[in-house]
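First comes the structure, then the notes that go with it.
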Amino acid sequence: MDKNTKELIEHITTSLLFDETILGSEGLSSSVWDKYLYLGYKSIVEKGAYLLRIGDCLDGFYLTKKGKIESIFLGRDGIVKLFLVTGEGCLYGEQFIFHRQPGLFDGLVVEDAELYFFSKDTIYNIMKNDFEICLFIMKTLAIKSRMLAVQVEDMSLRNNLQKVCRILYTFCCIEEKKGRTEDTIVLRLSHQDIANMLASHRVTVTNNLAKLKKQGILDYRYEKIIIKDKNRLKMIAFE
């Protein structure tokens, strides 16, 4: 693995997006589940539905074949903290097969989803005989732990401008890992999207984006952030 690829993987595994790109960067493939799909309960869930509400405890987990699911904390003051977006090929709720505690967050379907639900007993039986499945689950939990640790670091040690820059830089790295080589990178994110990722107010995000725009690092239009200088973005994020 060359130095550039290694650095890309280092940063994309600190983003909020968990999808096939992240799996592939760690040598994982959702195809290991194909032979077990018949053991799961298939459902089509429309955008806007909740898979999980605060206080719920799942008796198994979901494999996301299509669609996206957001994991969200909601504060009493209305502030939203989006801490994970689960995409295609990934597991949702796998922590519940290892503990019996109630969930601390909501799980919201944000793109129409095709899901397979596996009960805890079914998963335990599979894990007894299939090391690849065990490794998939363990690596998934390990990467998500890394993502959460970086978010704690953000909230504890970085100022608002650094937090905005870091989250944007991780999305730039994801685009580059997908093969995008253009100097200018377009991210389909609104100011509110970024605010939710940072548990911040939209006005705070807009003010910091305006500072970066003034420096020529980025530009923004309706629900789009145009990154013009990824290196300077990185420098501010980690200075």
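Every number in this text was worked out from the coordinates using simple rules, so none of it is lab data. Just so it is clear, the model here is predicted, and its values are computed rather than measured. Ideal geometry is used to build each Cβ from the backbone, glycine not excepted, and the neighbour counts take in all protein chains shown.
Against the main long axis of the alpha-carbon atoms of the chain, helix 3-12 sits at an angle near 70°. Using just its DSSP H runs of length 4 or more, each adding -39500 (n - 2.57), the chain gives a mean residue ellipticity at 222 nm of -13000 deg cm²/dmol after division by all residues. Relative to the longest principal axis of the Cα atoms of the chain, the long axis of helix 120-129 makes an angle of roughly 80 degrees.
Alpha-carbon geometry of region 158-237: the Rg and the Dmax are 11.4, 33 Å, given in that order.
How high is the relative contact order of the chain, given as a whole-number percent (alpha carbon pairs under 8 Å, six or more residues apart)?
On the way: 405 pairs, mean separation 53.4, N = 239.
Rounded, it is 22 percent for the chain.
The alpha carbon gyration tensor of region 124-187 gives principal lengths a ≥ b ≥ c with a/c of 1.5 or higher and a/b no greater than b/c, which makes the shape oblate.
Roughly what percent of Cα-Cα pairs across region 2-90 reach past 20 Å?
48
May I ask which of K47/K178; K214/K234; K144/K211; K47/K213; K120/K144; K6/K214 have a Cα-Cα span longer than 23 Å here? Before the final figure, lay out the partial values.
Values: K47/K178 25 Å; K214/K234 17 Å; K144/K211 31 Å; K47/K213 33 Å; K120/K144 20 Å; K6/K214 32 Å.
Violating the 23 Å Cα-Cα cut-off are K47/K178; K144/K211; K47/K213; K6/K214.
Count the net charge of all other residues whose Cβ sits under 10 Å from the Cβ of L168, scoring Lys and Arg as +1 and Asp and Glu as -1. Provide the component values of the computation, followed by the final result.
Values: positive: K163, R166, K230, K234; negative: none.
Spelling it out: positives minus negatives among the neighbours equals +4.
Which three numbers, in whole Å and largest first, are the semi-axes of the equivalent ellipsoid of the chain derived from its Cα gyration tensor as √(5λ)?
Details: eigenvalues 207, 84, 48 Å².
The answer is 32, 20, 15 Å, longest axis first.
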